[in-house]
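For reference, the structure discussed in these notes is given below.
None of the figures in this text is laboratory data; all of them are computed from the coordinates on show. Bear in mind that the values here come from a model prediction, so they are computed numbers and not experimental data. Every residue, glycine as well, gets a Cβ built from its backbone with ideal geometry; the counts of neighbours run over all protein chains shown.
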Amino acid sequence: MARYIGPVCRLCRREGEKLYLKGDKCASKSCTFNKRGYAPGQHGSAKKKMSEYGLQLREKQKAKRIYGVLETQFRNYFKKADKMPGITGENLLIMLEKRLDNVVYRLGFARSRAEARQVVRHNHIKVNGKKVNIPSYIVKTGDVIEVKREDEPIQRFKDIVEVTSSRIVPEWLNSDYANYKGTVLSEPQRSQIDSPVNETLIVELYSK
């Protein structure tokens with residue numbers, strides 16, 4: 001399965017804002033973005049006027065990088081969102097939020113979405129009592145997501161929860177840290193998604 005394996009701080013610098021791709025580490029003083037908050041490259045610090053297309057492209061790239069999705073998969077999400085009833089942009093973000101790796105991150109069982117993806121791929125997560133190792137698996141209302149503890153020392157997740165327990169869990173999820181499990185209470189609403197993405201620009205880009 002394809003994934004980005006380059007330096008993630010470079011991605012935040014390219015988008016001109018912190019995307020928290022390293023989770024809570026991005027809030028530390030040692031974050032690269034704090035030292036070099038301009039775009040990477042020889043001319044990254046130069047001021048550039050952004051065209052309408054450029055703004056739309058940057059918004060799409062930002063959404064892809066936040067959720068760890070590459071172009072082909074992201075475009076497929078958009079096609080599905082466009083066929084669904086409702087607002088296309090909101091449908092797109094809701095589908096991205098319902099990815100299993102994102103849900104594991106939102107529940108606080110990973111410090112970043114990249115770590116959540118690894119946790120899922122390494123068979124540490126169950127959905128409704130069954131092992132699921134597909135990060136793009138779409139959860140449904142009522143699903144119970146839990147850490148698989150039969151053959152994995154739970155200390156790893158204890159260390160993670162110590163860091164993430166203060167994180168606000170979205171209203172559409174319920175996290176039970178004591179038992180290392182969480183429940184999908186409802187479908188996420190746009191107002192409950194805090195990702196800094198202007199989905200309207202993405203729709204405009206793909207609609208050309």
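A few remarks follow.
- With 18 Å as the limit on Cα-Cα distance, the pairs of LYS64/LYS130; LYS140/LYS181; LYS79/LYS208 that go past it are LYS64/LYS130.
- Segment 68-134 shape via C-alpha gyration tensor axes, a/c threshold 1.5: prolate
- When segment 99-187 is described by a simple charge dipole with +1 on each Lys and Arg Cβ and -1 on each Asp and Glu Cβ, the residue from PHE157, SER112, VAL169 located farthest towards its positive end is SER112.
- When peptides 137-147, 186-196 are sorted by average Cβ neighbour count within 10 Å, with the highest value leading, the order is 137-147, 186-196.
- Charge dipole of segment 99-187 (Cα centre as origin; +1 on each Lys and Arg Cβ, -1 on each Asp and Glu Cβ, all else neutral): 240 debye, rounded to the nearest 20.
- For segment 171-182, Karplus couplings with θ = phi - 60° (6.51, -1.76, 1.60), whole Hz, Gly/Pro x: 5, 7, 10, 10, 10, 10, 5, 4, 10, 6, 8, x
- Euclidean distance of C-alpha centroids, segment 164-191 and segment 53-129, integer Å: 16
- Cα gyration tensor shape for segment 72-183, rounded if a/c is under 1.5, else prolate or oblate: prolate
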